[in-house]
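Report on the structure given below.
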Amino acid sequence: MQSKLIKVANTIQPVLELIKQRWSARSFNKQAISQEEFHTIMEAATWAASANNEQPWMYYYAHNNTESFSKLWECLVDGNKPWTKSASVLMIACVRKTFEKTGKNNGSAEHDLGMASSQLLLQATSMNIYGHIMGGFDRIKAKELLNLDDNIVPVNMIALGYLAEADQLEEPYRTRELTGRNRKKVEEFSFEL
Ligand SMILES: Cc1cc2nc3c(=O)[nH]c(=O)nc-3n(C[C@H](O)[C@H](O)[C@H](O)COP(=O)(O)O)c2cc1C
């Protein structure tokens, strides 16, 4: 797969292979993700650290070729619609904004969701399954679709699937799929005191 080679992080230091290999893919083939594979990916999420071990994350998901998949897909903004059609799984990731035991505000909820999603994506990568987080979706539509309580907030959507060649994508997605990744330098965001 051409994109897979292009997207590997070109690191200066000996960063973990799995971290180098994860990237936000758009070109998926329609190979299904089995329930066992999916549960493995989700179990990786559950082992993330969280404030008070609250595990405030919730993932509502659907497999492709189901009515629920279409309903989740409809929540996406137009720019995310074309390439997510062939994802194997679509999810809406949510957080509970209050601690279950005390009802108090959990200021770490979204942070902790990010931790869980990061682990989920790395686990998926290790299984040759690629994920793509999307903030571009209609949160009001999602809240209505999922019939969520007021203290449950949809934060982002995630597409998961096996890779396909970039050629199957329309522009501008094809070019994005074949463009290398870059990052800020470590010195730009870490400061010794
Ligand atoms: C919270 C969040 C929201 C994002 N929203 C979108 C989105 O709506 N559409 C999209 O194509 N990519 C989206 N991305 C993917 C980012 O553009 C991508 O992670 C970034 O460019 C770095 O690329 P990489 O993940 O391949 O390293 C999002 C990523 C995150 C973490």
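Annotations
- Being assigned to a strand (DSSP E or B), touching a residue at least 40 places away in the same chain (Cβ under 8 Å) and more than 15 Å from the chain's Cα centre (by Cα) is a condition met by at least one residue of segment 146-160.
- Test: residue 64 is surrounded by 18 or more Cβ atoms within 10 Å (Cβ to Cβ), under 17 Å from the mean Cα position of the chain (by Cα) and not small (Gly, Ala, Ser): yes
- Of the criteria (1) modelled with pLDDT of 95 or more; (2) away from the ligand (no atom under 16 Å from the Cβ), which one residue 169 fails: (2)
- If the condition is being within 16 Å of the ligand (Cβ to nearest atom), assigned to a loop (DSSP other than H, G, I, E, B) and loosely packed, with under 15 Cβ neighbours inside 10 Å, then segment 13-57 contributes 15, 16.
- Look at segment 67-85: where a residue is outside any helix (DSSP H, G or I) and a partner is at pLDDT 95 or above and more than 10 Å from the ligand (Cβ to nearest atom), sitting 6+ places away or on another chain with Cβ atoms under 8 Å, you get 75/92; 75/138; 75/141; 75/142; 75/145; 76/138; 77/138; 85/73.
- Test result for residue 71, basic (Lys, Arg), more than 16 Å from the ligand (Cβ to nearest atom) and more than 18 Å from residue 53 (Cα to Cα): yes
- Within segment 130-141, the set of residues being within 13 Å of the ligand (Cβ to nearest atom), of a type outside the set (Ser, Thr, Tyr) and in contact (Cβ under 8 Å) with a residue 40 or more places away in the chain comprises 131, 132, 133, 134, 136, 137, 138.
Every residue, every condition in (1) within 16 Å of the ligand (Cβ to nearest atom); (2) over 19 Å from residue 24 (Cα atoms); (3) in a loop (DSSP other than H, G, I, E, B); (4) at pLDDT 95 or above, yes or no:
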{"position": "87", "(1), (2), (3), (4)": "yes, no, yes, yes"}
{"position": "95", "(1), (2), (3), (4)": "yes, yes, no, yes"}
{"position": "107", "(1), (2), (3), (4)": "no, yes, yes, yes"}
{"position": "112", "(1), (2), (3), (4)": "yes, yes, no, yes"}
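- Among the residues of segment 163-184, the ones that are within 20 Å of residue 2 (Cβ to Cβ) and either surrounded by fewer than 19 Cβ atoms within 10 Å (Cβ to Cβ) or without any contact (Cβ under 8 Å) to a residue 40 or more places away in the chain (or both) come to 15 in all.
The values are calculated or read from the model by the stated rules, or taken from the named source; none is laboratory data. Here the structure is a predicted model, which is why all the values come from computation and not from measurement. Methodologically, a virtual Cβ is constructed for each residue, glycine included, from the backbone with ideal geometry; neighbour enumeration extends over all protein chains shown.
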